Amino acid sequence: MTVHNFTKSLAASHDFEDAGWWEVVYRNAFHNFAGMTNTREDGWAQRGGIDRVVSLGSGKTLTIDEKVRTKDYPDILLERWSDRDRKAPGWVQQDLACDYIAYAFIPSQRCYLLPFQELRRAWIQHGREWANQYPAVLARNERSGRKWVTECVPIPIPVLKEALIAVSEISWAPELVPA
């Protein structure tokens, strides 16, 4: 079982919120990138999982939750429980308002832009299997005297990519249509 300090990890992540490479990522991801706005101040956007709003030349806006890891790993951490003992759902189990999760690895200067709805569908289909298969990464948290543990599931990047492709195929076969 791996344990890390959530507060320190979050602070490290916020150290990168104004990094110039975010604009490079979004310019490369969206051919008609027009601008971006940081929305990390507490409010409806932050509670909805939105760290940044990207504007496109067409007028469309995209909402993005940014995750940063300061070491390269072969996996992407999906937060199963924000408070394991209370079974408070982590971000992958919530209906967030974001369009994408931008998951960046600083040393290799790479970012995975994960479509959130597909990521949620992949989690719904495979989450229990993944939680049983991959050892949890735990984060100890403390704020105002309250202590809790966050639990993440480290999904190998090739496994997650395969699952995202699989959930992008939707069937309307009669046996799959809700009654």
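The values are calculated or read from the model by the stated rules, or taken from the named source; none is laboratory data. Because the structure is predicted, anything quoted here is derived from the model rather than measured. Because the Cβ atoms are built from the backbone with ideal geometry, glycine has one as well, and the counts that use them run over all protein chains shown.
Here are the numbers for the structure shown:
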| quantity | calculated |
| --- | --- |
| Residue match in the range 44-64 (condition: modelled with pLDDT of 95 or more and touching a Cys at 6+ places or on another chain (Cβ under 8 Å)) | yes |
| Qualifying residue in the range 129-139 (condition: in contact with a Phe, Trp or Tyr (Cβ under 8 Å, 6 or more places away or on another chain) and modelled with pLDDT under 95) | yes |
| Test result for LYS71, among the basic types (Lys, Arg) and over 29 Å from TYR134 (Cβ atoms) | no |
| Candidates ARG80, ARG146, ARG140, ARG128 - the one that is over 14 Å from the mean Cα position of the chain (by Cα) and touching a residue at least 60 places away in the same chain (Cβ under 8 Å) | ARG140 |
| ARG110 vs. criteria at pLDDT below 95, loosely packed, with under 13 Cβ neighbours inside 10 Å and within 22 Å of ASP65 (Cβ to Cβ) | no |
| Condition broken by ARG120, with the remaining ones in (1) surrounded by 16 or more Cβ atoms within 10 Å (Cβ to Cβ); (2) in contact with a strand residue (DSSP E or B) (Cβ under 8 Å, 6 or more places away or on another chain) satisfied | (2) |
| Any hit, the range 87-109, residues being part of a loop (DSSP other than H, G, I, E, B) and farther than 23 Å from ARG52 by Cα | yes |
| Among residues of the range 5-39, those that are part of a helix (DSSP H, G or I), loosely packed, with under 14 Cβ neighbours inside 10 Å, at pLDDT below 95 and of a type in the set (S, T, N, Q), counted | 1 |
| From the options ALA104, ALA131, residue that is buried (at least 20 other Cβ atoms within 10 Å of the Cβ) and among the small types (Gly, Ala, Ser) | ALA104 |
| Among the residues listed as GLU142, GLU175, the single one being touching a helix residue (DSSP H, G or I) at 6+ places or on another chain (Cβ under 8 Å), surrounded by fewer than 12 Cβ atoms within 10 Å (Cβ to Cβ), on the phi < 0 side of the Ramachandran plot and at pLDDT below 95 | GLU142 |
| Count of residues meeting criterion [in a helix (DSSP H, G or I), more than 15 Å from ALA166 (Cα to Cα) and of a type in the set (S, T, N, Q)] in the range 116-142 | 2 |
| Matching residues in the range 48-86 - criterion: being basic (Lys, Arg) and either closer than 22 Å to VAL159 by Cβ or part of a loop (DSSP other than H, G, I, E, B) (or both) | LYS60, LYS67, ARG69, LYS71, ARG80, ARG84, ARG86 |
| Residues located in the range 155-167, provided they are crowded, with 19+ Cβ neighbours inside 10 Å and either of a type in the set (Phe, Trp, Tyr) or in contact with a strand residue (DSSP E or B) (Cβ under 7 Å, 6 or more places away or on another chain) (or both) | ILE155, LEU160 |
